[in-house]
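*Asks:* This is the structure I want to talk about, given as structure tokens.
Since every read-out is calculated from the coordinates, none of them should be taken as a lab result. Since the model is a prediction, treat every value here as computed from it, not as a measurement. Cβ placement follows ideal geometry from the backbone for every residue including glycine, while neighbour counts extend to all protein chains displayed.
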Amino acid sequence: MRKTWTEEEIEFLKEFYPTEGPSLCAEVLDRTRVSIKKKAAAMGIKLIDKYNERRSSHEDYVKLVEDDYEVLEPYINTRTKILHRHKTCGHEWKSTPASIKANRSCPNCCIGNFRRNVPSSVYLIHFPILGLHKVGITNNWERRKHEFGYTPELILLREFETLEEAEELERTWLNNMSEYMLNTGELKAGNTETFYIG
């Protein structure tokens with residue numbers, strides 16, 4: 001099933017495809033080089049001659065990310081991993097500047113694929129084609145709804161200031177529905193919190 005392009009992915013493509021090409025974009029966006037090239041062509045985005053392109057400097061990169069991260073090693077290019085420190089939690093790790101620019105989160109501040117200190121939502125959805133319901137948590141519902149492999153109907157979406165608050169509601173729902181829970185394996189993601197309602 002074709003993945004719908006999100007606004008964030010399109011913005012990433014506009015910024016990085018001209019100078020970094022399809023390989024980097026495919027890696028960061030978890031798409032094939034072919035799909036990246038087709039989307040770029042459809043949008044009229046072209047590669048810049050690598051000998052004429054303007055490369056970011058270390059100072060440019062530091063200025064771009066300084067609100068959230070300290071850059072602890074010299075910037076080389078968007079594909080080379082360098083050491084960063086997250087200002088919120090102090091965690092240090094190596095990451096490519098492309099991943100940081102694409103809003104990838106600090107690994108210490110994540111639970112699975114979730115960011116702790118940002119608004120989170122608990123959702124209840126239904127897949128009519130499967131007769132299946134699902135409960136879950138996401139930091140980004142607009143992106144999440146395209147990740148299942150089937151189009152869901154949104155029944156309920158409750159928003160919270162933090163992941164911890166969202167987890168409390170999800171635990172309550174899961175406890176109340178525990179006897180109905182099963183893993184059908186039919187979704188591309190999120191099979192462990194699915195259930196049928198007879």
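*Asks:* I'm checking a number: the convex hull volume of the Cα atoms of the chain, normalised per residue, in Å³. What is it?
*Replies:* Residue-normalised Cα hull volume stands at 132 Å³.
*Asks:* I've got another one for you. Under a GNM of the chain (C-alpha, springs under 10 Å), which listed residue has the highest mean-square fluctuation: L169, L182, L29?
*Replies:* Among L169, L182, L29, the largest GNM mean-square fluctuation belongs to L182.
*Asks:* Regarding the range 114-195, what is the average projected area of its C-alpha convex hull, in nm²?
*Replies:* 4.9
*Asks:* Which residue fluctuates the most in the chain, going by a Gaussian network model with Cα springs under 10 Å, if the choices are G185, G136, G21?
*Replies:* Among G185, G136, G21, the largest mean-square fluctuation in the Gaussian network model of the chain belongs to G185.
*Asks:* Run lengths n ≥ 4 of DSSP H only: what is the helix-derived mean residue ellipticity at 222 nm for the chain, with -39500 (n - 2.57) per run over all residues, to the nearest 500?
*Replies:* After summing the helix terms and dividing by residue count, I get -10000 deg cm²/dmol.
*Asks:* Could I ask something else about it? Report the calculated FRET efficiency for I48 and E168 (r = Cβ-Cβ distance, R0 = 45 Å), to the nearest 0.05.
*Replies:* Efficiency, rounded to the nearest 0.05: 0.40.
*Asks:* Could you let me know the centre-to-centre spacing of the range 124-198 and the range 14-50, using Cα atoms, in angstrom?
*Replies:* Comparing the Cα centres of the range 124-198 and the range 14-50, I get a distance of 32 Å.
*Asks:* What angle do you read, to the nearest 10 degrees and between 0 and 90, between the alpha-carbon axis of helix 7-29 and the longest principal axis of the chain?
*Replies:* Roughly 50 degrees, rounded to the nearest 10.
*Asks:* Using alpha carbons only, what's the Rg to Rh ratio of the range 1-47 with Rh from Kirkwood?
*Replies:* My calculation of the ratio gives 0.90.
*Asks:* Arranged by the count of other C-beta atoms within 10 angstrom, fewest first, what order do S120, S95, S178 take?
*Replies:* Fewest-to-most Cβ neighbours within 10 Å comes out as S178, S95, S120.
*Asks:* Now for a different question. From the P(r) of the range 58-105, can you give the percent of Cα pairs sitting at distances over 18 Å?
*Replies:* Roughly 13 percent, rounded to a whole number.
*Asks:* Assuming R0 = 25 Å, what is the FRET efficiency of Y180 and Y150, from their Cβ-Cβ distance, to the nearest 0.05?
*Replies:* On the way: r = 19 Å, r/R0 = 0.76.
Efficiency, from the Cβ-Cβ distance: 0.85.
*Asks:* Right, here's the next one. Build a GNM of the chain with springs between Cα atoms under 10 Å: which of E20, E165, E73 gets the top mean-square fluctuation?
*Replies:* Among E20, E165, E73, the largest GNM mean-square fluctuation belongs to E73.
*Asks:* Ok, one more. What size of dipole, in debye to the nearest 20, comes out for the chain about its Cα centre when the only charges are +1 on Lys and Arg C-beta atoms and -1 on Asp and Glu C-beta atoms?
*Replies:* For the chain, the charge dipole is close to 1000 debye.
*Asks:* Another question about this same structure. Step through the table entries K3/K188; K3/K145; K63/K87; K37/K145, compare each Cα-Cα distance with 20 Å, and write down the pairs that go over it.
*Replies:* Those over the limit are K37/K145.
*Asks:* If I model a spin label as a point 7 Å beyond the Cα along the Cα-Cβ vector, how far apart are those points for E66 and F160 in nm?
*Replies:* Going from the E66 label point to the F160 one covers 3.6 nm.
*Asks:* Would you mind ranking I197, I10, I125 so that the residue whose beta carbon has the fewest other beta carbons within 10 Å leads the list?
*Replies:* In increasing order of surrounding Cβ atoms, one gets I197, I10, I125.
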